[in-house]
Amino acid sequence: MAKKSTKAHKNEYHISRESAGLTREKASELLEFISTDRIERIESGKSLPHPEEILAMADCYKNPSLCNYFCSHECPIGQEYVPEVKFKELSQITLEMLASLNALEKEKNRLIEITVDGTISADEMKDFEKIQDQLSQIAMAIDSLQLWVQKAIADGKIDA
């Protein structure tokens, strides 16, 4: 029987595998194309995982957030353009989204005023940046909701 890891600083891949109740050997068997040694190198930080490995691990471990973690932390392009999405409960996601939508509703007319002429003047920039921040909050809420749905499907809580 494989012993339980006692490593103090486990990375997301290691934590996710253990949360799924899998040993490296069992994970390798389920993943088919990723060896036990390769899993160990990824979990120890000696090797960076490949995107196809992340997709397989996310599916096998029933943890779709591994994809976002990889993109936002490991991929050079993702580090620049993909924000990290933390898993949240549905009620928190809903409240955050509604709060963001309500805030944007108040700014809707200002956005129209700013953009109607096709340019953003210096005196409009502060308001435009505020609206852009609100839009980013809505985008993050949408990403959180999509992650929640993917996790619920992976866990069998909702039918795809």
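Out of (1) exposed (fewer than 13 other Cβ atoms within 10 Å of the Cβ); (2) modelled with pLDDT under 95, what's the single condition that is false for Ser5?
Checking Ser5 against (1) exposed (fewer than 13 other Cβ atoms within 10 Å of the Cβ); (2) modelled with pLDDT under 95, the one that fails is (1).
Kindly indicate which of Glu52, Glu84 is farther than 12 Å from Asp143 by Cβ and either among the aromatic types (Phe, Trp, Tyr) or exposed (fewer than 15 other Cβ atoms within 10 Å of the Cβ) (or both).
Going through Glu52, Glu84 in turn, the sole match is Glu52.
Between a residue in region 40-61 that is more than 22 Å from Ile153 (Cβ to Cβ) and any residue that is small (Gly, Ala, Ser) and in a loop (DSSP other than H, G, I, E, B), which pairs come within a Cβ distance under 7 Å, given they are 6 or more apart or on different chains?
Short answer, once both residue conditions are applied: Arg41/Ser47.
For (1) in contact with a Pro (Cβ under 8 Å, 6 or more places away or on another chain); (2) over 30 Å from Ser47 (Cα atoms); (3) at pLDDT 95 or above, each residue gets a yes or a no:
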position: Ser72; (1), (2), (3): yes, no, yes
position: Tyr81; (1), (2), (3): no, no, no
position: Phe87; (1), (2), (3): no, no, no
position: Glu96; (1), (2), (3): no, yes, no
position: Asn102; (1), (2), (3): no, yes, no
position: Glu107; (1), (2), (3): no, yes, no
position: Ala122; (1), (2), (3): no, yes, yes
position: Phe128; (1), (2), (3): no, yes, yes
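Testing Ile93 on (1) among the aliphatic types (A, V, I, L, M); (2) part of a helix (DSSP H, G or I); (3) open to solvent by 50 Å² or more (accessible area, probe 1.4 Å), one condition comes back false. Which one is that?
(3)
Just wondering, is there one or more residues in region 139-157 that are on the phi < 0 side of the Ramachandran plot, in a loop (DSSP other than H, G, I, E, B) and basic (Lys, Arg)?
Yes: region 139-157 contains one or more residues that are on the phi < 0 side of the Ramachandran plot, in a loop (DSSP other than H, G, I, E, B) and basic (Lys, Arg).
Among the residues in region 26-38, are any in a helix (DSSP H, G or I), among the small types (Gly, Ala, Ser), within 19 Å of the chain's Cα centre (by Cα) and at pLDDT 95 or above?
No, there is no match, as no residue in region 26-38 is in a helix (DSSP H, G or I), among the small types (Gly, Ala, Ser), within 19 Å of the chain's Cα centre (by Cα) and at pLDDT 95 or above.
Would you confirm whether any residue within region 106-121 is within 30 Å of Ser16 (Cβ to Cβ) and part of a loop (DSSP other than H, G, I, E, B)?
no
The values are calculated or read from the model by the stated rules, or taken from the named source; none is laboratory data. Just so you know, these numbers come straight off a predicted model, no measurement behind them. Using ideal geometry, Cβ is built from the backbone for each residue, glycine included, and neighbour counts are taken over all protein chains shown. Accessible surface areas use protein heavy atoms only, side chains included; no ligands, DNA or RNA. Shrake-Rupley method; radii C 1.70, N 1.55, O 1.52, S 1.80 Å.
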